[in-house]
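Notes follow the structure.
The values are calculated or read from the model by the stated rules, or taken from the named source; none is laboratory data. The model shown is predicted, which means the values in this text are computed figures rather than measured ones. All Cβ positions, even for glycine, are placed from backbone atoms using ideal geometry, and neighbour counts span all protein chains on display. Side chains are part of the model used for accessible areas, which takes the heavy atoms of the whole protein and leaves out ligands, DNA and RNA. Shrake-Rupley method; radii C 1.70, N 1.55, O 1.52, S 1.80 Å.
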Amino acid sequence: MMDWPAIWLTLELSALTVLILFLLGVPLAWWLAFTRVRWKPLIEALVALPIVLPPTVLGFYLLLAFGYAKDIVPLAFTFEGLVIASLFYSLPFVVQPLQQAFADVGRGPMEAAATLGASKLDAFFTVISPLAIRGYVTALVLGFAHTVGEFGVVLMVGGNIPGETRLLSISIYEAVETLDYGRAHVLSGMLLLFSFAVLSTLFLLNRRAVK
Amino acid sequence: MIRFDLAVSHGSFALDARAEVPACGITAIFGPSAAGKSTLLRALAGLEAASGSFKMGGDDLAALCAHQRGVGFVFQDARLFSHLSVAGNLDYAAKRARAGALSREMIVEALGLAPLLARHVAGLSGGERQRVAIARALCTQPRLLLMDEPVSALDLPLRAQILGLIESLPRRFGLPVFYVTHAIDEVARIADHVLLMRDGQVVLSGPVQAVFADERLDAFTGHFEAGSLLEAVVQSEDKAFGLSLVAVDGVELAVPVTGLKKHARVRLRIRARDVAIALKKPSGLSIRNVIPARIAQMREDGAHAEVFLQAGGQMIRARITRASAHELKLKPGMKVHALLKTIAVDRQLF
C-alpha cells in the first residue's frame, strides 16, 4: 500500500533543495531587498517566473539544458537532475519571503549595529536574521512543502524510476493511471494532511509573532 | 581638536562641510531642515559614503568602516534591537566595545536604567527608549558621541529631562558630543560650541556665546528669537521675593529663579527685544537689572536697530526702534546702560 521509497525520496529531495536554496537564496534575497540598481525588477521577475509558468515549460527547457550537458554530467532522469529542477521550481518560495522579511527589517538595525562595532556579517547573524526570523520560517516551510508537491517538472525531467526519480506525486499519478484507487487514496490523503498541517503551523506561528 | 572636511553627494543634494571644534563639551549642529545636519552626522559615523578627512586624536577616521570608528550614535528613533532585552542591547555593544574606562555600572546608574534591565524593549516608553539608546552607545566606549535629534520625538516635560541627562554626558563620561537639532532653545540650553549649517555647508562655527551674539544667526531663528547668552555666577538667594542674585563680570543681576547652588555658574539667556538702552543709569524704574556697557556695533533694519553691547567680556544684543536710536544719538563706542527686562536661566553649568 505505502510506497515508502517514494516517500523517503520525496523528503530527501525536499530537504536537500531547501538547504541549497537557503545557501543561495539568502544572499540573493538580501541583495534584492537592499540593492538600488535599476534592473532589480528584471531579477525579481526572473525569480518569480516559476510561480506563473506551467511546470511543463520549465521542464521542457531544463530537459533541453540537460541534453546539452549530458556529455559532461548526465542529469536527465537522475536524482541530481531532480534537485536542479526543484531549485528553479521552488526558488521564489524561498527568496520572496526572505526578501520581504529583510525589507521589513530595513537598513535601520544594520546601521545601529555598525555604530555598535558590528561588522556587516556579524550584524547579519546577530541582528538582521533574528529580526527576520519569520521570513526564515516561512521560506523554510513554503520551500519544503512546495518541493514535496512538485509534479509537472518532475514528470518531464525525472520520469518514474523507483528509488531514483519516483516521487510521491508520481506514485499517486501512477496509482490513478493503473486504477489502484486504494493506494492513491492513502498517498493523497497523506499529502493532504501534511500540507494542511504545515500551512496551519505556519499561520499559527505568524499569528503568534504578530502578537 | 576634532577636524573634518567631508563631501557627500547623492542626487540633487550635496554636502561639503568642514570645521574644527574642541574635542570636549557639546557641539550643537544647528540649521533648518534639509541643511545637511543629519547627513553630516551620518558621514562622521561612516553610515554615509563620503570623501575627505575626519581627524581626531591623530587618527583619520574617514579611512575606517563605520564599525571600526569607535564613534557612538544615538538615532532619533533609538533603534533598539527588539529581539533583545534592555540588558541584551547593552551587552551587544559592550561585547564589541573598544578598550575604555567607562564602567557599565556607572552608565546604568547615570541613565537610571537599573529597574529596566530585564525588560523587553517593546514595552519601553519613548523616554526610556532614548535612555537605553544613549547607554547602549556609551557601552561601546566611544571617543565621540553623535546624537541625531534624540529628543525631537518626545513630549515637552520628557524632553527637558533627557536634555538634562545629555548636557551632563561630557562632564560625567569625559567625551565630546555632537548634537544635531533644529531647535534653537536646545542649542541655548546645552551647547558649548555651535556649527551653523545651511545648504550642506557649515556657515558659522564658534563658542555658543559668540554664535548667539552673531547677527548671521538671525537668518536661522528670526528676530523674535535673537538674543544673547551670558555666563554668571550665583551669589545669593532672596527667597521672600523668589529671586537669585547672580554676577556677570562683577555686575549683580536678579533672576526670577530659586534653588540654584551658591557659586554655581549658570547660563542666562536674554532676548534682544527684552533689552532697552539708557544713556544714564536710570532711577525710578521697574527694571532692576542694569549693566554698564559700550556700543560695539550697530545695524539698522527697517523700523528697528540692532545694537551690540560689549559688557566686560560678554556681548549683549538689544533690539530697539530706529527712532529711539536716532533720538538717543547712539553710535558705536558710546558708553550706555543696558536695561534687562527679562532674564531666563537656561542651564546650570558646573
*Go through B:G206, B:G31, A:A118 and say which Cα lies farthest out towards the positive end of the charge dipole of the protein assembly as shown; charges sit on Cβ, +1 for Lys and Arg, -1 for Asp and Glu.*
B:G206
*Table column - 3J(HN,Hα) (Hz), the stretch A:70-83, Karplus curve with 6.51, -1.76, 1.60, x for Gly and Pro*: 5, 6, 7, 8, x, 10, 5, 6, 10, 5, 4, x, 4, 4
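Over chain A, calculate the relative contact order: mean separation of alpha carbon pairs under 8 Å at least 6 apart, over the residue count, as a percent.
32 percent
Between chains B and A, what is the buried accessible area in Å², counting both sides, with a 1.4 Å probe and ligands, DNA and RNA left out, to the nearest 100?
Buried area (both sides, nearest 100 Å²): 1500 Å².
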*asked:* For the full complex of protein chains and a 1.4 angstrom probe, list A:Y68, A:Y136 by accessible area with the highest value first.
replied: A:Y68, A:Y136
*Give me a single rounded figure for A:107-113: the average over its residues of other chain Cβ atoms within 10 Å of their Cβ.*
6
*Please work out the Cα center distance from the stretch A:103-139 to the stretch B:255-279, rounded to the nearest Å.*
50 Å
*Residues with beta-carbon under 13 Å from that of A:E174, excluding A:E174: net charge, scoring Lys, Arg +1 and Asp, Glu -1?*
-1
*Among A:V148, A:L42, A:G159, whose Cα sits farthest toward the positive end of the charge dipole of chain A (+1 at Cβ of Lys/Arg, -1 at Cβ of Asp/Glu, about the Cα centre)?*
A:L42
*Can you list, largest first and rounded to whole Å, the semi-axes you get for chain A by taking the square root of 5 times each eigenvalue of its Cα gyration tensor?*
35, 22, 14
*With a 1.4 Å probe and all protein chains in place, put A:L204, A:L192 in order of accessible area, largest first.*
A:L192, A:L204
*Where only protein heavy atoms count, and the probe is 1.4 Å, what is the accessible area per residue for chain B in Å²?*
43 Å²
*Using only alpha carbon pairs under 8 Å that are at least six residues apart, calculate the relative contact order of chain B and give it in whole percent.*
16 percent
*Determine the residues within the stretch B:61-86 where the difference in accessible area between the chain on its own and the full set of protein chains amounts to at least 10 Å²; count protein heavy atoms only and use a 1.4 Å probe.*
B:A66, B:H67, B:V71, B:F73, B:F75, B:R79, B:F81, B:S82, B:H83
*Semi-axis lengths (Å, descending) of the ellipsoid that matches the C-alpha gyration tensor of the stretch B:227-349*: 27, 14, 12
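Expressed in nm to one decimal, what extension gain is obtained for the pair B:A323 and B:V203 from 0.36 nm per residue of sequence separation less their Cα-Cα distance?
The B:A323-B:V203 span can extend by a further 40.0 nm.
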*Work out how far the C-alpha atoms of the protein assembly as shown reach from end to end along every principal axis, then list the three figures in whole Å, largest first.*
118, 47, 43
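With a 1.4 Å probe and every protein chain kept in, tell me what percent of the accessible surface of the protein assembly as shown is carbon plus sulfur.
Using a 1.4 Å probe with all protein chains present, the protein assembly as shown comes out at 61 percent carbon and sulfur.
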*Roughly how much of B:S168 is accessible, in Å² to the nearest 10, using a 1.4 Å probe?*
10 Å²
*Which value in deg cm²/dmol, rounded to the nearest 500, describes the helix-derived mean residue ellipticity at 222 nm for the protein assembly as shown, given -39,500 (n - 2.57) per DSSP H run of n ≥ 4 and division by the residue count?*
-13500 deg cm²/dmol
*Return the sequence-ordered ³J(HN,Hα) values of the stretch B:209-221 in whole Hz as given by the Karplus equation 6.51 cos²θ - 1.76 cosθ + 1.60 applied to θ = phi - 60°, using x for Gly and Pro.*
4, 5, 5, 5, 8, 8, 5, 5, 5, 3, 4, 9, 10
*asked:* I'd like the residues of the stretch B:87-101 whose 1.4 Å-probe accessible area shrinks by no less than 30 Å² going from the isolated chain to the full set of protein chains.
replied: B:Y92, B:R96
_Cα-based convex hull, the stretch B:48-103, per residue volume (Å³, whole number)_ = 123 Å³
*For the stretch B:2-220, what is the convex hull volume of its Cα atoms per residue in Å³?*
119 Å³
_Which of B:D148, B:D301, B:D77 ends up with the largest GNM mean-square fluctuation for chain B, with Cα atoms connected below 10 Å?_
B:D301
*asked:* Can you pull out the trypsin sites (Lys or Arg not before Pro) in the stretch B:1-105 whose DSSP state is coil and whose Cβ has at most 16 other Cβ atoms within 10 Å?
replied: B:R98
*Which cross-chain or sequence-distant (5 or more) residues have an amide H under 5 Å from the amide H of B:I277, H modelled 1.01 Å from N in plane?*
B:L339
*Step through the residues of the stretch A:20-36 one at a time and calculate ³J(HN,Hα) from phi using the Karplus curve (6.51 cos²θ - 1.76 cosθ + 1.60, θ = phi - 60°), rounding each to whole Hz and writing x for Gly and Pro.*
5, 5, 5, 4, 8, x, 5, x, 5, 5, 4, 4, 5, 5, 10, 5, 10
*Rounded Å value of the spacing that divides the Cα centres of the stretch B:43-100 and the stretch A:1-57*: 36 Å
*Of all the C-alpha pairs in the stretch B:297-350, what % are more than 13 Å from each other?*
65 percent
*asked:* Under a Cβ-only charge scheme (Lys and Arg +1, Asp and Glu -1), can you give me the dipole magnitude of the protein assembly as shown about the Cα centre, in debye to the nearest 20?
replied: 2440 debye
*For B:H263, B:H120, what's the largest-to-smallest order of accessible area, 1.4 Å probe?*
B:H263, B:H120
